[in-house]
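Below is one structure; the comments refer to it alone.
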């Protein structure tokens, strides 16, 4: 069965069944774009769970391709970051050939967003020590210099309880220690950060890249929609 909406349809595989960030993404997208979400059910947030999920991502991506979506987005960075940029790129290229549909992962979108903003050395935040290490390894291999990447360490099922005010204060504290950073990378896709991105950009004077904003930006690019969105940071205001 094919689903259509007049500006395009995105199929999305998401790692958890937490509410909040999907709704946030949909609210900031232009009218006429559809999202078909399929949800995994990560509970432990462990390396073993992340690696076991790759076949599930493939199965769900196949279902979305059968439904005729315009692009498939694989949300949830750690499973693909564990592969490293080269293995990840090979896997996604193989899936694109297999499904005859464009496919992109969260880490690929994050790297693209950082490069589009001219960020080469950044400070960052994540929400667990494990994910912090995974991100550090991946981003270093991708060619970035990570000046400081510190987690707000909470149990995996409590990520959504971290307030934007807590995140703001955490990022600003890191920036004070590393004022030579040319950008901020907020890794956690479980955070509802839309209303704090532009605030950080204005206060720190550097661009901020975050998962939900990257997804919205890539949806614009891949569906060939150009509907700039002020108040949500440079990626969506400029659509580079």
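Listed residues 14, 52, 59, 27; which is buried (at least 17 other Cβ atoms within 10 Å of the Cβ) and either more than 17 Å from residue 94 (Cβ to Cβ) or without any contact (Cβ under 8 Å) to a residue 12 or more places away in the chain (or both)? Spell out how you get there, then give the answer.
Working: 52 fails: buried (at least 17 other Cβ atoms within 10 Å of the Cβ); 59 fails: buried (at least 17 other Cβ atoms within 10 Å of the Cβ); 27 fails: buried (at least 17 other Cβ atoms within 10 Å of the Cβ).
Of 14, 52, 59, 27, the one residue that is buried (at least 17 other Cβ atoms within 10 Å of the Cβ) and either more than 17 Å from residue 94 (Cβ to Cβ) or without any contact (Cβ under 8 Å) to a residue 12 or more places away in the chain (or both) is 14.
Exactly one of these conditions fails for residue 129: (1) closer than 29 Å to residue 86 by Cβ; (2) at pLDDT 85 or above. Give me its number.
(2)
Does the range 191-206 hold any residues that are out of contact with any strand residue (DSSP E or B) (no Cβ under 7 Å at 6 or more places or on another chain) and surrounded by 24 or more Cβ atoms within 10 Å (Cβ to Cβ), and which are they?
Residue satisfying the conditions is 191 alone.
Hey, among 135, 103, 71, 146, which residue is out of contact with any strand residue (DSSP E or B) (no Cβ under 6 Å at 6 or more places or on another chain), surrounded by 15 or more Cβ atoms within 10 Å (Cβ to Cβ) and touching a residue at least 12 places away in the same chain (Cβ under 8 Å)?
Working: 135 fails: out of contact with any strand residue (DSSP E or B) (no Cβ under 6 Å at 6 or more places or on another chain); 103 fails: out of contact with any strand residue (DSSP E or B) (no Cβ under 6 Å at 6 or more places or on another chain); 71 fails: out of contact with any strand residue (DSSP E or B) (no Cβ under 6 Å at 6 or more places or on another chain).
Just one listed residue meets the conditions, 146.
When you go through 64, 56, 25 one by one, which is the residue that is under 26 Å from residue 235 (Cα atoms) and part of a helix (DSSP H, G or I)?
Details: 64 fails: under 26 Å from residue 235 (Cα atoms); 56 fails: under 26 Å from residue 235 (Cα atoms).
Result: 25 is the single residue among 64, 56, 25 that is under 26 Å from residue 235 (Cα atoms) and part of a helix (DSSP H, G or I).
Since residue 141 meets every condition but one in (1) within 15 Å of residue 184 (Cβ to Cβ); (2) over 16 Å from the mean Cα position of the chain (by Cα), which condition does it not meet?
Only one criterion is unmet by residue 141, namely (1).
Give the range 194-240 a look and list any residue that's over 26 Å from residue 5 (Cβ atoms) and assigned to a loop (DSSP other than H, G, I, E, B), or say none.
Scanning the range 194-240 gives 205, 206, 207.
The values are calculated or read from the model by the stated rules, or taken from the named source; none is laboratory data. Quantities reported herein were computed from a predicted structural model and do not represent experimental measurements. Here Cβ is always computed from backbone atoms with ideal geometry, including for glycine, and neighbour counts include all displayed protein chains.
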